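Report on one structure; see the data block that follows.
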Amino acid sequence: MRRRLLPLLLSHAVLMAGAVAMLAPFAWMLLTSIRPAEEVFAAVFNPIPGRFAGAENYGQAWREGNLPRAMLNGVIVCAGILGVQLLAAIPAAYALARLRFPGRGVIFGLVLFGLCVPIQVPALPLYLALAEARLLDSYFALMAPFFLTVFGIFLFRQFFRTYPQEVLDAARLDGMGEFEIVWRLAAPAALPAIAAFSVFSVVAHWNDLYWPLIVITSREMATPPLGILAFRDAETGGNYGALMAGAALVTAPLVLAFLLARRAFLRGITLTGLR
């Protein structure tokens, strides 16, 4: 009994330490968001602020950071990217998983290679192309580089490999075409994988600062991370209370969305890792 208890306690201790390390920045963010500016860098740290400034900081973040418009832009950009990604990745993944055609292995190899290429590599030619087409500072400029997702293709391919071949053969015997099979049979069965991919996609593009910082110049087109930057000032050091309040407001929708979709997310990750 003791031999089993010790490894169990050690594993739980490691998990608890990891949970504390992950939650500590969020706890610091929330504590800073309710502090007045003079207490943020006080010599003695007190978890309970001497003066509650939450209403002041959150009100300032909501007004001066233009967060309502920035969060609306974030919703439009994330929804547009996700919609096109699903329309492109699901048929491509199905073809790589279930259809036999010349060059399938080479194409899948290119997909794996694409997983190793960060956005910073094609950023300059993409920017020049958008500038030449006069499409900078637009929703299209924010979304276009991410319409094709090699990660989504890989994830859905792994799921479709587990789909019963007998069902596909029966559907073909009934006269269904491949596109009909994809959208009427395969895609509904892949809802857990779609939920998992949606979480990855929305979180990545909601929090993206690098690409919007390059292609966006107007305040009206700012995304949530750009809205938070309104409180950064190199000369005065920035208003950290309002900055952390804005960060909390921007983070809250993602946390809520993950809590609502956590079961489908975990199920999708489990199923796509079976084969």
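Each value in this text was obtained by applying a stated rule to the coordinates, not by laboratory testing. Computed from a predicted structure; not experimentally measured. Here Cβ is always computed from backbone atoms with ideal geometry, including for glycine, and neighbour counts include all displayed protein chains.
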How large is the Kirkwood hydrodynamic radius of the stretch 1-111, counting all unique pairs of alpha carbons, in Å? 20.1
Could you give the Stokes-Einstein D for the chain in µm² per second, using the C-alpha Kirkwood radius, 4 °C, 1.567 mPa s? 59
Plugging the Cβ-Cβ distance of Phe52 and Ala24 into 1/(1 + (r/R0)^6) at R0 = 30 Å yields, to the nearest 0.05, a FRET efficiency of 0.85
For the stretch 1-90, which trypsin sites (Lys or Arg not before Pro) pass both filters: DSSP loop (anything but H, G, I, E, B) and at most 13 other C-beta atoms within 10 Å? Arg51
Using the Cα centre of the chain as the reference point, and only Cβ charges (+1 on K/R, -1 on D/E), how large is the resulting charge dipole? Debye, rounded to the nearest 20. 1180
Using Cα pairs under 8 angstrom and six or more residues apart, how large is the relative contact order of the stretch 60-272, in percent? 36
List the relative contact order of the stretch 17-79 as a percent without decimals, with contacts defined as Cα pairs under 8 Å and 6+ residues apart. 26
Name the trypsin sites (Lys or Arg not before Pro) in the stretch 91-150 that are in a loop by DSSP and that have at most 10 other C-beta atoms within 10 Å, would you? Arg100, Arg134
Can you tell which of Trp62, Val182, Ala89 lies farthest toward the positive end of the dipole of the stretch 60-272, using +1 and -1 charges on the Cβ of basic and acidic side chains (Lys, Arg; Asp, Glu)? Val182
Stick to Cα atoms and the Kirkwood definition of Rh, then tell me Rg/Rh for the stretch 105-260. 1.08
So how much slack lies between Leu213 and Phe258, counting 0.36 nm per residue of separation and subtracting their Cα-Cα distance, in nm? 13.6 nm
With just the Cα atoms of the stretch 167-226, tell me how far they stretch along each of the three principal axes, in Å, largest first. 55, 19, 16
